[in-house]
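Only one structure is covered here, and it is reproduced in the block below.
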Amino acid sequence: MKNVVITGSSNGFGYLSAQLFADNAYKVYATMRNPEGSNSEKKQELEKYSSNIKVVNMDVAEDESVKVAMNSIIKEAGTIDVLINNAGIMHMGIAEAFSIEQANQLMNVNYYGIIRTTQAVLPIMRKEGKGLIINTTSAYGRVFAPFAATYGASKAAVEAYTQSLKYELATTGVETILVEPGPFATNLAGSFSPEARTEIVGEYSELQAIFGGMMEEVATLLQSEGFPQPNLVAEAYLKLAEMPQGSRPTRTTVGLPLGADKVNELTQPIQDGSLQAYKMDYLLETKIK
Ligand SMILES: NC(=O)c1ccc[n+]([C@@H]2O[C@H](COP(=O)([O-])OP(=O)(O)OC[C@H]3O[C@@H](n4cnc5c(N)ncnc54)[C@H](OP(=O)(O)O)[C@@H]3O)[C@@H](O)[C@H]2O)c1
């Protein structure tokens with residue numbers, strides 16, 4: 001039985017993925033923060049859903065929490081076949097009005113969180129000569145929107161980190177790839193916090209109205225008939241996990257791509273071609289061990 005570690009399993013894509021992977025005979029380590037507190041209901045639901053699911057306490061924003069959680073999973077499972085870095089938060093609003101503290105909080109979860117979990121699993125994956133790390137970014141990590149400046153920056157940081165890491169891991173047999181969802185109706189809006197620099201917001205009355213208009217458009221779009229549903233992201237994670245090692249695309253868009261698919265199509269050959277300058281083309285293919 002293969003095992004998978006999913007971060008941010010209490011809601012949205014992570015919750016649905018825990019169920020889908022369990023249905024497909026994976027042992028699922030569904031990690032979440034506060035499983036004995038604010039997320040206790042989600043823990044109970046998931047563990048009741050399938051005996052293949054074990055909920056593990058992990059806050060990706062905390063060094064110690066990630067260390068303790070990953071050590072306990074590795075001790076129990078022996079190895080980790082797939083890590084899905086899915087946990088994330090979003091702030092939306094006027095870029096200038098977010099404080100450095102708010103930017104730090106966002107980067108800490110969305111970017112440093114991925115570094116923490118990745119560093120925790122790589123030693124065992126490298127030793128085994130196999131393993132898959134899926135990092136969740138966003139269409140807004142490839143094309144950038146107004147009112148999502150720090151969010152886009154955090155996702156672009158993960159794009160850069162994952163691409164570099166993919167090349168570096170090529171000779172180890174470990175693969176790391178990206179999933180870039182478009183907009184989906186999950187609980188992500190629940191993580192929004194308003195701009196802390198309220199005095200700056202006050203100076204942007206015209207822009208505030210534009211932001212309000214954008215939020216209305218997004219809400220209408222998400223509720224429109226036939227709009228892509230969050231289960232598509234869980235299905236994309238599973239499809240990628242099931243593909244043979246070394247055959248997976250570096251980037252997969254899901255849902256409304258907002259042009260990210262076109263950016264990928266145009267830039268991936270340029271990106272990979274850049275290795276030629278230093279004769280490193282052999283890092284383009286993951287070595288199967
Ligand atoms: N929905 C979209 O439109 C969309 C589009 C593109 C990309 N994404 C990305 O997809 C991923 C999943 O988001 P979602 O849409 O499924 O949103 P969601 O329903 O809000 O789920 C996000 C999950 O991340 C968890 N989380 C937040 N901070 C955490 C922390 N410090 N440690 C551990 N877990 C933490 C949340 O846990 P709590 O319940 O404890 O808060 C929640 O389970 C995120 O990375 C998001 O940026 C979403």
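Projecting label points 7 angstrom from Cα along Cα→Cβ for residue 215 and residue 235 puts them 3.2 nm apart.
Between the stretch 247-289 and the stretch 71-115, what is the C-alpha centre distance in whole Å? So the two Cα centres are separated by 23 Å. Backbone geometry of the stretch 194-204 corresponds, through the Karplus equation with coefficients 6.51, -1.76 and 1.60 at θ = phi - 60°, to 3J(HN,Hα) couplings of x, 4, 6, 8, 4, 5, 6, 3, x, 8, 10 Hz, x marking Gly and Pro. Simple spin-label estimate for residue 283 and residue 34 gives 4.1 nm between the two label positions (7 Å along the Cα-to-Cβ direction from each Cα). Residue separation of residue 126 and residue 44 scaled by 0.36 nm, minus their Cα-Cα distance, works out to 26.2 nm of gained length. Across the stretch 123-235, counting alpha-carbon atoms alone, Rg and Dmax equal 18.2, 56 Å.
Using the alpha-carbon centroid of each, what span in Å lies between the stretch 141-187 and the stretch 31-52? Each part reduced to its Cα centre gives a spacing of 27 Å.
Dipole magnitude for the chain: computed about the Cα centre from +1 point charges on Lys and Arg Cβ and -1 point charges on Asp and Glu Cβ, it is near 1240 debye.
Only DSSP H runs of four or more residues enter the estimate; each adds -39500 (n - 2.57), and after division by the residues of the chain the mean residue ellipticity at 222 nm equals -14500 deg cm²/dmol. Placing one equal scatterer on every Cα of the stretch 183-236 and applying the Debye formula, the log10 ratio I(q)/I(0) at q = 0.24, 0.26 Å⁻¹ is -1.01, -1.08.
Applying the Karplus relation 6.51 cos²θ - 1.76 cosθ + 1.60 with θ = phi - 60° to the stretch 131-144 yields 3J(HN,Hα) values of x, 10, 10, 9, 9, 8, 10, 5, 4, 7, x, 10, 10, 10 Hz, where x marks Gly and Pro.
Each Lys or Arg adds one and each Asp or Glu takes one away; over the other residues whose Cβ falls under 15 Å from the Cβ of residue 20, this sums to -1. Ordering 28, 105, 149 by the projection of their Cα atoms onto the charge dipole of the chain, which places +1 on the Cβ of Lys and Arg and -1 on the Cβ of Asp and Glu, puts 28 at the extreme positive end.
Classified by the C-alpha gyration tensor, the stretch 3-284 has an oblate form. Its axis ratio a/c, with a ≥ b ≥ c, is 1.5 or above, and a/b does not exceed b/c. Bridgeable aspartates and glutamates around residue 155 (alpha carbons under 17 Å apart, same-chain partners fewer than 8 residues away excluded): 180, 261.
Across the stretch 28-36, rounded Karplus estimates of 3J(HN,Hα) from the backbone phi angles (6.51 cos²θ - 1.76 cosθ + 1.60, θ = phi - 60°) give 9, 9, 8, 8, 7, 8, 6, x, 9 Hz, Gly and Pro being marked x.
Taken together, the values in this text are just the output of simple stated rules run on the coordinates, not laboratory data. This is a predicted model, so every value here is computed, not measured. Positions of Cβ are generated from backbone atoms using ideal geometry, with glycine treated the same way; all protein chains shown enter the neighbour counts.
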